[in-house]
1. Please name which of A55, T30, V99 has its Cα lying farthest along the dipole of the range 10-102 towards the positive end, using unit charges on Cβ (Lys, Arg +1; Asp, Glu -1) and the Cα centre as origin.
2. May I ask for the angle, rounded to the nearest 10°, between helix 7-20 and the longest principal axis of the chain, with both axes built from Cα atoms and the value confined to 0 to 90°?
3. Can you tell me the dipole magnitude for the chain around its Cα centre, using point charges on the Cβ only (Lys, Arg +1; Asp, Glu -1), in Debye to the nearest 20?
4. Multiply the residue separation of E43 and E8 by 0.36 nm, subtract the distance between their alpha-carbon atoms, and state the gained length in nm to one decimal.
5. Gain in length, S96 to D16, computed as 0.36 nm per residue apart minus the alpha-carbon separation, to one decimal in nm?
6. So which trypsin sites (Lys or Arg not before Pro) in the chain end up in coil per DSSP with only 16 or fewer other C-beta atoms within 10 Å?
7. Multiply the residue separation of V50 and R25 by 0.36 nm, subtract the distance between their alpha-carbon atoms, and state the gained length in nm to one decimal.
8. What does the charge add up to near R48, with Lys and Arg as +1, Asp and Glu as -1, over the other residues with Cβ less than 15 Å from its Cβ?
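The values are calculated or read from the model by the stated rules, or taken from the named source; none is laboratory data. Model, not experiment: these values are computed from the prediction. Reconstructed Cβ throughout: ideal geometry from the backbone, glycine too, with neighbour counts over all protein chains shown. Remember, those area values only see protein heavy atoms, side chains included, never the ligands or the DNA or RNA. Shrake-Rupley method; radii C 1.70, N 1.55, O 1.52, S 1.80 Å.
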Amino acid sequence: TDRRYTRERFVALKVDALARGLLARGRRATLVGVGASLATWRESLGDRVVAAIEARRATPDVFDRHPAPFVLVYMAPEARSRWRRCATESGLNEGSHFVFVA
């Protein structure tokens, strides 16, 4: 119940971690996800987002048509597994070309 543990605070911490990592030195990302989570992350990352793509299915064309790095907004382990497999089969490396947030 402590306000330090609100969802907004955790998102802010993750945004800070992205700014010091994958999105350091002004790097911008393509955001991929679905629904309210995608909207939350689009708002939270602001001008660090090149494009926001709503995609339920992991397909290589998402990675082929948009620039890396990618911030993937999927919480379910099954969805992360499918997107991770698709990204790595497209030649991308987790941590340098894509990361997951929830």
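1. About the Cα centre, the residue reaching furthest to the positive side is V99.
2. Tilt of helix 7-20: around 60 degrees.
3. On the way: 18 positive and 11 negative charges, 45 e Å.
That gives the chain a dipole magnitude of about 220 debye.
4. Values: separation 35, 0.36 × 35 = 12.60 nm, distance 1.15 nm.
Full-extension gain reported as 11.5 nm.
5. 27.2 nm
6. R27, R28, R56, R57
7. Values: separation 25, 0.36 × 25 = 9.00 nm, distance 1.49 nm.
Length gained, V50 through R25: 7.5 nm.
8. Details: positive: K14, R20, R25, R27, R28, R42; negative: D16, E43, D47.
Spelling it out: positives minus negatives among the neighbours equals +3.
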